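See below for the structure under consideration.
Only the coordinates and a few stated rules stand behind these numbers; no lab work does. Bear in mind that the values here come from a model prediction, so they are computed numbers and not experimental data. Positions of Cβ are generated from backbone atoms using ideal geometry, with glycine treated the same way; all protein chains shown enter the neighbour counts.
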Amino acid sequence: MIFVTAGTEQYPFNRLMRWLDILQQHDLLQDEIVVQYGNSTYLPEGSKVYKFVKEERFKGFIQDARLVIAHCGEGTVLLLDSLQKPYMLVPRTHAFGEHVDNHQIEMALALSEMDVPVAWSLGDIVRFVAAPKYSPISDISEQNAKVICHKLNQRFAGKAAKETVALGDGITT
């Protein structure tokens, strides 16, 4: 079984739901698919779907799954890592109306540098399903953590400086 979680955010994640539908239609996903779709308005045909799942059942689905495909929310990533299950992340984007901003893209870029599987396309999902792997992040070295924090800081430095100037009166964010 493949467990897919789109999160419970107020934004739909229809792109991921459509990808699942396409993969199933072309017989590229042979496993039973269980989807927690949150506020998505498009549901993949032939999947078992749940709008929201209580935490205990959610963890049960993860434990029973051969692999997990999940949005790139911080809490979800930490949970998946702690349960040591092969997982792939699909970041939500602002451009497609899937989130308020692009922080999941930034996080996915940083995690992908640590060999955490991230799907940027349908092909990425197909490759992962064929050869899933668990890439732990919980035991990253302090040096790797500093590198990731530095890279994220560089990406956001310009935006933070503009926000600080806009606040004025010596107030910083």
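Considering only VAL116, PRO86, GLN63, the residue lying farthest towards the positive end of the dipole of segment 2-138 is GLN63, judged by Cα position with unit charges set on Cβ.
Quick check: net charge around ASP64, other residues with Cβ under 13 Å of its Cβ, Lys/Arg +1 and Asp/Glu -1? With Lys, Arg at +1 and Asp, Glu at -1, the neighbours total +2. Put the Cα centre of segment 13-39 next to the Cα centre of segment 45-78 and the gap is 13 Å.
Remark on VAL35: its backbone amide H falls under 5 Å from those of VAL4, LYS48, VAL49, TYR50, a criterion applied only to residues 5 or more positions apart or on other chains, H modelled at 1.01 Å from N. Shown is the FRET efficiency for ILE22 and ASP115, computed with R0 = 25 Å from the Cβ-Cβ distance and rounded to the nearest 0.05: 0.45. Over the Cα atoms of segment 2-138, each weighted equally, I'd like the Debye log10 I(q)/I(0) at q = 0.11, 0.19, 0.21 Å⁻¹, rounded to two decimals. For segment 2-138, the Cα-only Debye profile gives -0.33, -1.12, -1.42.
Cα gyration tensor of segment 74-130, axes a ≥ b ≥ c as square roots of the eigenvalues: rounded (a/c below 1.5), prolate (a/b > b/c) or oblate?
oblate
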